[in-house]
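J.: Take this structure first; my questions come after.
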Amino acid sequence: MSRSDVLSLYRRVLRIARSWQSQSALPQDTDTERKYIVQEARTLFRQNLKITDPESVKRYIEECDARIEIGLHYRNPYPKPSYLPPMGLATQKGRKLRAQERLRKQAKPLYLQSHDET
């Protein structure tokens, strides 16, 4: 993936934000969602600005594409949360905290990889 691919993806997100209409069709909701899309894109693209590893860049591009497709399909710019109970992924040897953290990280969907654990 080249720099031009990443920049074209960023421009695509900004174009989507410019033409975004909220499901409620209320002007204040549309403005709020447009601002969220632009702010989220700026934050995530700047956060990943220094990444040079081709595998990592490819993974982040796939994440961005997934979030775009989900947002356009559901007409909702906010990421869909994943619901996992705090100790819901039991290991065979018992419920150890490190194993739980590792399993939760593995169970995180592709489109939420850039978000911190909540």
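J.: Can you give me the solvent accessible area of Leu49 with a 1.4 Å probe, rounded to the nearest 10 Å²?
T.: Counting only protein heavy atoms, the figure is 120 Å².
J.: Another question, then. May I ask you to work out the translational diffusion coefficient for the range 27-70 at 20 °C, viscosity 1.002 mPa s, via Stokes-Einstein with Rh from the Kirkwood sum over Cα pairs, reported in whole µm²/s?
T.: 184
The values are calculated or read from the model by the stated rules, or taken from the named source; none is laboratory data. It should be emphasised that the depicted structure is a prediction, and the values quoted were computed from it without experimental measurement. Only protein heavy atoms, including side chains, enter the accessible area calculation; ligands, DNA and RNA are left aside. Shrake-Rupley method; radii C 1.70, N 1.55, O 1.52, S 1.80 Å.
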